[in-house]
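**Q** The structure that follows is given in the form of structure tokens.
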């Protein structure tokens with residue numbers, strides 16, 4: 001009987017950390033083709049990294065802290081405000097190159 005009690009206690013201790021996690025997912029394309037890129041998502045003081053696949057798709061787990069910023073560090077200026085919540089949130093972007101060498105992330 002006691003081992004079962006310890007299993008439940010352990011599960012209850014980990015549930016809050018799972019409940020406060022969010023997930024951001026979507027695609028990043030440029031000129032109609034997927035972009036493979038490093039991602040940085042910053043929510044408050046917490047930062048998380050990831051990478052999109054060759055087809056531009058990505059999925060990153062982040063701390064649930066509301067307003068966040070998604071940036072592509074290899075593309076100067078490419079960042080966008082996003083929101084992390086308790087449910088997985090889709091963000092699909094078009095990466096646009098500017099004449100001055102900077103980039104923009106535009107929501108699709």
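The rows are residues; the columns are (1) surrounded by fewer than 13 Cβ atoms within 10 Å (Cβ to Cβ); (2) in contact with a strand residue (DSSP E or B) (Cβ under 9 Å, 6 or more places away or on another chain); (3) modelled with pLDDT under 95; (4) within 20 Å of residue 90 (Cβ to Cβ).
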residue	(1), (2), (3), (4)
2	yes, no, yes, no
5	yes, no, yes, no
11	yes, no, yes, no
17	yes, no, yes, no
28	no, yes, no, yes
36	no, yes, no, yes
45	yes, no, yes, no
49	yes, yes, yes, yes
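**Q** Mind counting the residues in the stretch 45-67 that are under 12 Å from the mean Cα position of the chain (by Cα) and without any contact (Cβ under 8 Å) to a residue 12 or more places away in the chain?
**A** 2
**Q** Working carefully through the options 97, 63, 71, find the one that is closer than 12 Å to residue 23 by Cα and surrounded by 13 or more Cβ atoms within 10 Å (Cβ to Cβ). First the steps, then the outcome.
**A** Working: 97 fails: closer than 12 Å to residue 23 by Cα; 71 fails: closer than 12 Å to residue 23 by Cα.
Selected residue: 63, the only one of 97, 63, 71 that is closer than 12 Å to residue 23 by Cα and surrounded by 13 or more Cβ atoms within 10 Å (Cβ to Cβ).
**Q** Of everything in the stretch 63-83, what is in a strand (DSSP E or B) and closer than 11 Å to residue 44 by Cα? Give them in sequence order.
**A** Step one: list which residues in the stretch 63-83 are in a strand (DSSP E or B), which gives 63, 66-71, 79-83.
Across the stretch 63-83, the qualifying residues are 63, 66, 67, 68, 69.
The values are calculated or read from the model by the stated rules, or taken from the named source; none is laboratory data. Just so it is clear, the structure is predicted and the values come from calculations on it, not from any experiment. Note that we place each Cβ from the backbone using ideal geometry, even for glycine, and neighbour counts take in every protein chain shown.
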